[in-house]
Amino acid sequence: MRRLGQTIGIVTIIGAVLIGAVLIGVWWFGIRPSEQVCCGEPAAQQTDAPARPADAFAVTVASVWDGDTLRARVSTPSEAIATTEDVRMRLIGIDTPEVSEPAECWGDEATAHLKALAPEGAVLWASFDVDPLDRYERYLVYLWTEDGRFINNELVAAGDAETLTVEPNDEYAALFAVTEQSARASGAGQWGACG
């Protein structure tokens, strides 16, 4: 009788361990910790690009310098940009590899992608965050194409850029971080090509 009781006890423990292992497996493969962003929202919901904000203003592209910097002009001066001359604009929240000496891996590809998204003469929509200028007197902007594509995030998604948050300009920092994590995991752009 005692032996039967021990056998039942061992079977019960093994059963509990197996059930626990199955539950952990279901949790791990069904709800991965890396897919959780904040507050229970899955990453897929966070990577949806935001629509162009209502206060965005039109700019015309004059030239692209590198993957995160260009020259553009506004057609109507405002308090924010008081000239119709070309001004330097730096994309907020991202950083692409350098093309100037010493050139970095993937700099040319990132620049080519920005040129494709923002060709010379194209009308884009720009929006500021908190600080409109950096220490180099460049306007800090988020950019959208006419058809609503969020350029800053597209460059991160393609592996052309990594996130670079400079407070207080952090409105889309969480989005860029999730997008970069996905680009790195898939080996997109520089993440697959550069060692």
Query raised in the report: Within the set of pairs 6 or more residues apart or between chains, which connect a residue that is acidic (Asp, Glu) inside the stretch 173-195 to a residue that is at pLDDT 95 or above with Cβ atoms less than 7 Å apart?
Result: Glu180/Val156; Glu180/Glu162; Glu180/Thr163
Query raised in the report: Being free of Cβ contacts under 8 Å to residues at least 12 places away in the same chain and either exposed (fewer than 14 other Cβ atoms within 10 Å of the Cβ) or under 26 Å from Trp191 (Cβ atoms) (or both), is that true of even one residue in the stretch 83-94?
Result: yes
**Report entry** Unique residue being in contact (Cβ under 8 Å) with a residue 60 or more places away in the chain, among the aliphatic types (A, V, I, L, M), surrounded by 17 or more Cβ atoms within 10 Å (Cβ to Cβ) and part of a helix (DSSP H, G or I) when the list is Ala126, Ala110
**Finding:** Ala110
**Report entry** Wholly within the stretch 146-195, helices (runs of 4 or more DSSP H) carrying at least 3 residues that are touching a helix residue (DSSP H, G or I) at 6+ places or on another chain (Cβ under 6 Å)
**Finding:** 151-157, 173-186
Requested in this report: Report yes if Glu137 is within 17 Å of Ile81 (Cβ to Cβ) and either among the polar types (S, T, N, Q) or in contact (Cβ under 8 Å) with a residue 40 or more places away in the chain (or both), otherwise no.
Outcome: yes
Query raised in the report: What tally of residues in the stretch 38-65 results from selecting those that are touching a helix residue (DSSP H, G or I) at 6+ places or on another chain (Cβ under 6 Å) and either surrounded by fewer than 17 Cβ atoms within 10 Å (Cβ to Cβ) or at pLDDT below 95 (or both)?
Result: 5
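The values are calculated or read from the model by the stated rules, or taken from the named source; none is laboratory data. Fair warning: this is a prediction, and the values are worked out from it, not measured in the lab. Cβ sites come from the backbone with ideal geometry, for glycine too, and all protein chains shown count toward neighbours.
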